[in-house]
Structure formats: C-alpha cells, structure tokens
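As structure tokens, the structure follows; a few thoughts come after it.
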C-alpha cells in the first residue's frame, strides 16, 4: 500500500492511543514487546516518538550529572551567581504569592526599587546579613502593598506578631522600660495612652 514506508494495510487500519502524549496513531508507531511464551506479541503502550524523547531526556540528565561531578567548582559558582542575579525577583515573587494566599495586598515595588534599597543590613536592628543564618526578608505593608525595607527574621516576626501595630509595639517598649527600672507593672491599672 505504501511502498518503502514499512506500513501495511492492517497496521494503518489498527490504531492505538499513546499513554504518554494521548495521540491516536497507527499501530506501527508503537514498538513490539518481546514475544510471550505462546509466541504472541503485543505493542508498547507508549509511541516510538515519546520513547525516544524519554531516552534522550535520560541521556541528557546522565550527561549533566557526569559534567557536574567533573566540574563541581564551576557548577557551584555558576549556581551561586545565578541565585544572586535572581535574588530580588525571587523575593518579590515569593512575597507576592504569600500575600495573595493570606489575603493581603501584594507588594507593589519593582525589582529595581527593591534592589536599590538593599544595603545588606536589617532596617530595624542593623544586623548585617552575613551574621544571620538566613537571608534578610523583604517587608511590605499588608494593607497598601507598599515596600518598607529589608528585615532580619527576628524583626520581621516581631512586627508580624504585633500585627504591624505601632500602639502594641509602644506598649511593649513601655513594658520593657518599667521592667528595666524596677517598677513592677500593675496589671489592673489602665494603660497609659498619652
């Protein structure tokens, strides 16, 4: 029917659907499995094209692992540089995703604004990032989406636990001052709002 193509009339009539790509193709596009004990043969569930792609992908992964094992220093350095280049965009993406999940307004700052504001120091306590176990956190207002600065994990959590409330933070400062100077706070006394 199709000279030189390897297709027969039967193979063109019998169609099979590939389990990987979902396309329906002639039976000839599927490799034969090894013969069974009774002599019968079946065809694979994945078409030849998909099998080739999978084998090529496996080969590429194996080559990548081999290259990485021979060039550990170069691979490490390239990865570090790549992470540094993407640091600000990844921080913005992460904080925007988290804000949407929690029902907050996402950060409105651009990558350039965030990059320019980065000094390597926490905006609240002044500790340098190299002294921390984790990188500085990008901080933004949850109601307006305005970028506020970079905070260490402790300052960021403290601000979050206080609900971004200056009133609560001032009350905590007053509490610490009373403790420092030996004045015992009266739990029944009205809070000082002045």
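Return the FRET efficiency for the residue pair residue 86, residue 54: r is the Cβ-Cβ distance, R0 is 35 Å, and the value is rounded to the nearest 0.05. Write out the running numbers ahead of the final one.
Numbers: r = 29 Å, r/R0 = 0.84.
So, using R0 = 35 Å, E works out to roughly 0.75.
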Handout entry: Largest-first principal axis extents, alpha carbons of the range 68-130, Å
Key = 46, 29, 20
Practice task
Could you bin all the Cα-Cα distances of the chain into 10 Å bins starting at 0 and give me the percent of pairs in each, rounded to whole numbers?
Solution key: 7, 18, 16, 14, 14, 12, 10, 5, 3, 1, 0
Completion exercise
FRET efficiency (residue 46, residue 14; Cβ distance; R0 22 Å; to 0.05) is 0.85
Exercise for the section: Mind pulling the angle between the C-alpha long axis of helix 72-102 and the longest principal axis of the chain? Nearest 10 degrees, somewhere in 0 to 90. Expected result: 70
Completion exercise
Per-residue Cβ contact counts at 10 Å, fewest first, order 95, 173, 168 as 173, 168, 95
Exercise for the section: Work out how much length residue 132 to residue 61 would gain on full extension: take 0.36 nm times their residue separation and subtract the Cα-Cα distance, in nm to one decimal. Expected result: 22.0 nm
Exercise for the section: Kindly express, to the nearest 10 degrees and within the range 0 to 90, the angle between helix 48-70's C-alpha long axis and the longest C-alpha principal axis of the chain. Expected result: 50
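Relative to the present Cα-Cα distance, how much length would full extension add between residue 166 and residue 23 at 0.36 nm per residue of separation?
Stretched out fully, the residue 166 to residue 23 stretch lengthens by 45.4 nm.
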Exercise for the section: Compute the long axis of helix 166-180 from its Cα atoms, compare it with the longest principal axis of the Cα atoms of the chain, and write down the angle in degrees, 0 to 90, nearest 10. Expected result: 60
Practice task
Would you mind calculating the gained length between residue 141 and residue 70 on full extension (0.36 nm times residue separation, minus the Cα-Cα distance), in nm to one decimal?
Solution key: 20.9 nm
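Read the figures in this text as sums done on the coordinates, not as results from a lab. Computed from a prediction, not measured in an experiment: that's the story for all the values here. Note that we place each Cβ from the backbone using ideal geometry, even for glycine, and neighbour counts take in every protein chain shown.
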